[in-house]
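*Asks:* Here you go, one structure.
The values are calculated or read from the model by the stated rules, or taken from the named source; none is laboratory data. Given the structure is predicted, the values throughout are model-derived calculations rather than measurements. We place every Cβ from the backbone using ideal geometry, glycine too, and count neighbours over all the protein chains shown. In case anyone asks, the SASA skips ligands and DNA or RNA and just uses the protein heavy atoms, side chains included. Shrake-Rupley method; radii C 1.70, N 1.55, O 1.52, S 1.80 Å.
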Amino acid sequence: MAEPSISMLVAILSLVLLSPQCFAFHTAATSRTAASAAVAAAERHGDRSSSPCRVSPSTASTRASCGLLQMSSNDNDEDDNAGPSSSSSSNVKLFELDDAFEDDGENVVGTKFFGGSTVKDELYVPEEEERALELQNVKSEQEVEIEYKRFEDGNAFGDEMGKRVGEALQAAINQILYNDSSSSSSSSSSSSSSSSDVASWKEDPSLQWETPFSKSQNAGNSPLMELSASKSFYNKLDVAILSAHTIKSEGNIKAVEVRWDIGVVWPNPWESRALLTGTSTLAVRDDAESNCLVLMKQNDKLDGSNPKDIVGALSSQLLPRFWDVYHIGMSPSTELDPRLGTPPSSSQSLSKNSQGKKGLFSSYKLSYLPPRLVTEPSLVDTNGREGRTAQALPNHGFTTAIKTMGPNKEAFSPVSPIEISISKVEEHEGSLVKWSVPVPPEFASNGILPLPLMDEDESEDEDSPDEGDSSAIVRKKGETRTEFSSPYTPGRTTKPPPSPPQSLSSSYALRPSRLVATLPYAGSPQDEEVTELRRKLYQEVVERDGNVPKLDSRGRPMFFFWMNDAKACFTRKGGLGMAVYEWRGDWSKSNEVGIELEC
């Protein structure tokens, strides 16, 4: 009697599974298991009491699942206790699939069973489909503006030979430092030239190389082999080719001047970051038939008064900096934009004052800045000093987000300072605020750099504050004035809320060499004290010491502000993804107000 009892339990369970509650099943695998159990019970006990699933045509997903459980109601076995037989099992109809696989010449076989036809009728919009086809076939105008192709910038690579040398040399360097075999294709796959157009870079066996850098015995006289050997010494090594110009041509031998940035992370406990800038004069043989550039001679020079002093260029950057140690848990050590005491000795057209000399009692500092690749977001601000727009990088200047926690945290390179310039706008009401952030060699080594995506409708959303927002507009009954509650100032003020910025833009540029004079300051770029400090700086530098200021398009001196207490953080592929603003005591006067001079 034990076996019939178990069989009856299985039959009862099958009745429950095959009831109208089969709508709860959404997994085909589970449905097949239940259906198999039900069929087995029906064959053994001749069950005919189960009713089929009924699914509305609009519930396509449920129909697909319940279709597997749909049993026929035409079982007519007379004897409930009859055992399994071949005749009874052949009369069992498992699934109602006839309608699902009808083919009327328009629908694909099986689409009704899986709900495809119903879903297509609900979601298909002819206008949207036509628009999608147009977008696939026509290149969007915005696509050109979402990336910066370095080797197509005429200011950096002014001639065809300079572009070819820059692309080929950068690809060879990336292959060694990052094992980036696709670097050449990534730098030109989206450009007008294909990856096969990038020339291969080779070194002549009789290469002549003069350099201030040390040479290892194993590397011989090969710059690329020396680069590969140096990679094992530093914690990190990055090289970026910033520009290249042809200076002389004799047949297939070209003389090309190349500007580069070299960034290293020194193997000391605090992992100092050092940046070396300079130029190389290359003699290159152009083998046009094989699309190959062969290096025959190379002469390297560092920026500064002594182009061979590698020890002097590194020593000042390797010692631990006070604020890097103070904020050691906040970010890695910073890569500082180089400030040289004097311009290169090759510049003979500079005045005595332009070569680093100043008055005996002058409090300002003269610095020469070599050319650098920078990212420059800007906007038009109408909120004035109280808006404090300039004291932080704008959102539209970032191109990625950096993960700083968890197992997938990313490595990044902090750089400093962040430069801010504020000038009047003739066409619009307000001021043009422009940020300039130096790009580290790690990110600049890419051939294509991403630009931030900006939404034109972003400012419209800022005009209507949300409920509960502390910066919402509040109108009291019987009053016509507008009150503004700010989270940064206590109480209320009768001034209107800040206006959204206008004319947002962001770009990359090769900043030319500059001669600047600066005074230390402890505040922010939009403090009222900055105006007095500018006046003092102009009087000392221009009126008393006779330096010539550089003027903008309106004939006004070009002032700027250096935020040395801020770090802009880059990743190699994503670019600018984070800004870190450190606390520094007012006694340190770490920030600077500066003026640009003619050189």
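*Asks:* Could you list all residues from the stretch 281-305 that are touching a Pro at 6+ places or on another chain (Cβ under 9 Å), open to solvent by 60 Å² or more (accessible area, probe 1.4 Å) and at pLDDT below 90?
*Replies:* Across the stretch 281-305, the qualifying residue is only 305.
*Asks:* Hey, another quick one. Hey, can you tell me all the residues within the stretch 414-445 that are among the aliphatic types (A, V, I, L, M), assigned to a loop (DSSP other than H, G, I, E, B) and modelled with pLDDT of 95 or more?
*Replies:* 439 - this is the single residue of the stretch 414-445 that is among the aliphatic types (A, V, I, L, M), assigned to a loop (DSSP other than H, G, I, E, B) and modelled with pLDDT of 95 or more.
*Asks:* Identify, from the list 278, 304, the residue that is part of a loop (DSSP other than H, G, I, E, B), closer than 22 Å to residue 210 by Cα and under 33 Å from the mean Cα position of the chain (by Cα).
*Replies:* The unique qualifying residue is 304.
*Asks:* Now for a separate question. Of all residues in the stretch 566-599, how many are under 19 Å from residue 528 (Cα atoms), touching a strand residue (DSSP E or B) at 6+ places or on another chain (Cβ under 6 Å) and surrounded by 18 or more Cβ atoms within 10 Å (Cβ to Cβ)?
*Replies:* The total comes to 5.
*Asks:* Could you check the stretch 208-223 and list, in sequence order, the residues that are crowded, with 18+ Cβ neighbours inside 10 Å and either hydrophobic (A, V, I, L, M, F, W, C) or more than 36 Å from the chain's Cα centre (by Cα) (or both)?
*Replies:* 209
*Asks:* Give the residues of the stretch 237-269 that are more than 22 Å from residue 369 (Cβ to Cβ) and touching a Leu at 6+ places or on another chain (Cβ under 9 Å), sorted by residue number.
*Replies:* 237, 254, 255, 256, 265, 266, 268
*Asks:* So, in the stretch 172-201, exactly how many residues are surrounded by fewer than 16 Cβ atoms within 10 Å (Cβ to Cβ) and modelled with pLDDT of 95 or more?
*Replies:* So the count comes out to 0.
*Asks:* Of all the strands (runs of 3 or more DSSP E) wholly in the stretch 510-581, which have at least 1 residues that are in contact with a Ser or Thr (Cβ under 9 Å, 6 or more places away or on another chain) and of a type in the set (Phe, Trp, Tyr)?
*Replies:* By residue number, 514-521, 559-563, 566-571.
*Asks:* Also, quick follow-up: Of the residues in the stretch 244-263, how many are open to solvent by less than 10 Å² (accessible area, probe 1.4 Å) and under 19 Å from residue 446 (Cβ atoms)?
*Replies:* So the answer is 4.
*Asks:* Okay, moving on. When you scan the stretch 585-599, do you find a residue that is part of a helix (DSSP H, G or I), more than 26 Å from the chain's Cα centre (by Cα) and of a type outside the set (Asp, Glu), even just one?
*Replies:* Looking for residues that are part of a helix (DSSP H, G or I), more than 26 Å from the chain's Cα centre (by Cα) and of a type outside the set (Asp, Glu), one finds at least one in the stretch 585-599, hence yes.
*Asks:* Evaluate the following for residue 559: is it modelled with pLDDT of 95 or more and open to solvent by 20 Å² or more (accessible area, probe 1.4 Å)?
*Replies:* yes
*Asks:* Within the stretch 226-247, how many residues are over 21 Å from the mean Cα position of the chain (by Cα) and either outside any loop (DSSP other than H, G, I, E, B) or among the hydroxyl-bearing types (Ser, Thr, Tyr) (or both)?
*Replies:* 13
*Asks:* Within the stretch 162-171, restricting attention to residues that are in contact with a helix residue (DSSP H, G or I) (Cβ under 6 Å, 6 or more places away or on another chain) and over 17 Å from residue 249 (Cα atoms), which residue is surrounded by the most Cβ atoms within 10 Å (Cβ to Cβ)?
*Replies:* Restricting to residues being in contact with a helix residue (DSSP H, G or I) (Cβ under 6 Å, 6 or more places away or on another chain) and over 17 Å from residue 249 (Cα atoms), the top hit is 167.
*Asks:* In the list 270, 209, which residue meets the criterion of being outside any strand (DSSP E or B) and modelled with pLDDT under 95?
*Replies:* None of the other options fit; the residue is 270.
*Asks:* A follow-up question, please. Answer yes or no as to whether residue 362 is closer than 22 Å to residue 519 by Cα and in a loop (DSSP other than H, G, I, E, B).
*Replies:* yes
*Asks:* Looking only at the stretch 248-275, which residues are more than 31 Å from the chain's Cα centre (by Cα) and free of Cβ contacts under 8 Å to residues at least 24 places away in the same chain?
*Replies:* Listed by number, the residues that qualify are 248, 250, 251.
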